[in-house]
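Below is one structure; the comments refer to it alone.
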Amino acid sequence: QLQLVESGGGLVQPGGSLRLSCVASGLSLDGYAIGWFRQAPGKERDRVSCVHSIGDWWDYADSVKGRFTSSRDNAKKTVYLQMNALKPEDTGIYYCAARTMGVFTLCSTRPTDFSSWGQGTQVTVSS
């Protein structure tokens, strides 16, 4: 069973940066599409970015384009989310998630399409 653990969250000032990591265990990330999601207090969980199981093209939510960069390292079983120019509205719990439909798996904007989730890491952007 694939398990995911996020880390790297914390308190930062507006304009600051954070680098989140998501480490997988149990199974390889090969064949999995990966997504980053976040959930602000009192709001629904939204997609931040996602990548297909094949290739390295990440799709980003409009709210984070140009500021966030996601990457994956299957050899290290780790996914990263580099967050720059953070804004207060970026505050929330950040989750990594994975899904697989076999060898070729597309990313998805729907949280329900992802079967494996980490516990989340808190990101707070405040002066």
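The values are calculated or read from the model by the stated rules, or taken from the named source; none is laboratory data. Keep in mind that what you see is a predicted model, and the values were worked out from it rather than measured. Neighbour counts are summed over all protein chains in view; Cβ atoms, including those assigned to glycine, are modelled from backbone coordinates with ideal geometry. Please note that ligands, DNA and RNA were not included when accessible areas were found on the heavy atoms of the full protein model with its side chains. Shrake-Rupley method; radii C 1.70, N 1.55, O 1.52, S 1.80 Å.
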Quiz item: Residues in the range 40-76 that are within 18 Å of residue 92 (Cα to Cα) and of a type in the set (A, V, I, L, M): how many?
Solution: 4
Exercise. Could you check, for the range 66-84, whether at least one of its residues is open to solvent by 70 Å² or more (accessible area, probe 1.4 Å), in a strand (DSSP E or B) and without any contact (Cβ under 8 Å) to a residue 24 or more places away in the chain?
Key: yes
Quiz prompt | Qualifying positions in the range 112-127 - more than 17 Å from residue 14 (Cα to Cα) and open to solvent by less than 40 Å² (accessible area, probe 1.4 Å) | solution = 114, 116, 118, 120, 121
Self-check item: Qualifying residue in the range 24-35 (condition: closer than 14 Å to residue 80 by Cα, outside any loop (DSSP other than H, G, I, E, B), in contact with a His (Cβ under 7 Å, 6 or more places away or on another chain) and not hydroxyl-bearing (Ser, Thr, Tyr))
Solution: yes
Self-check item: Check on residue 49, over 17 Å from residue 125 (Cβ atoms) and surrounded by fewer than 21 Cβ atoms within 10 Å (Cβ to Cβ)
Solution: no
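Answer yes or no as to whether residue 86 is more than 17 Å from residue 3 (Cβ to Cβ) and in contact with a Pro (Cβ under 7 Å, 6 or more places away or on another chain). Write out each step before concluding.
On the way: more than 17 Å from residue 3 (Cβ to Cβ): yes; in contact with a Pro (Cβ under 7 Å, 6 or more places away or on another chain): yes.
Considered against the rule, which asks whether it is more than 17 Å from residue 3 (Cβ to Cβ) and in contact with a Pro (Cβ under 7 Å, 6 or more places away or on another chain), residue 86 comes out as yes.
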Quiz item: Does the range 36-45 include one or more residues that are in contact with a helix residue (DSSP H, G or I) (Cβ under 7 Å, 6 or more places away or on another chain) and part of a strand (DSSP E or B)?
Solution: yes
Quiz item: Which members of the range 94-115 meet the condition of being assigned to a strand (DSSP E or B) and under 12 Å from the mean Cα position of the chain (by Cα)?
Solution: 94, 95, 96, 97, 98
Quiz prompt | First in the range 14-33 and closer than 12 Å to residue 67 by Cα, second anywhere and at pLDDT 95 or above and open to solvent by less than 10 Å² (accessible area, probe 1.4 Å), Cβ under 7 Å, 6 or more apart | solution = 15/86; 16/86; 17/83; 17/86; 18/83; 18/86; 18/123
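Among 109, 100, which is open to solvent by 30 Å² or more (accessible area, probe 1.4 Å), under 21 Å from residue 1 (Cβ atoms) and not acidic (Asp, Glu)?
On the way: 109 fails: under 21 Å from residue 1 (Cβ atoms).
After ruling out the rest, the residue left standing is 100.
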Practice problem: Go through (1) outside any strand (DSSP E or B); (2) more than 21 Å from residue 101 (Cα to Cα); (3) touching a residue at least 12 places away in the same chain (Cβ under 8 Å); (4) of a type in the set (Asp, Glu) and name the single condition residue 6 misses. | Solution: (1)
Self-check item: Complete set of residues in the range 9-23 that are in a strand (DSSP E or B) and either open to solvent by 20 Å² or more (accessible area, probe 1.4 Å) or within 16 Å of residue 89 (Cβ to Cβ) (or both)
Solution: 10, 11, 12, 18, 19, 21, 23
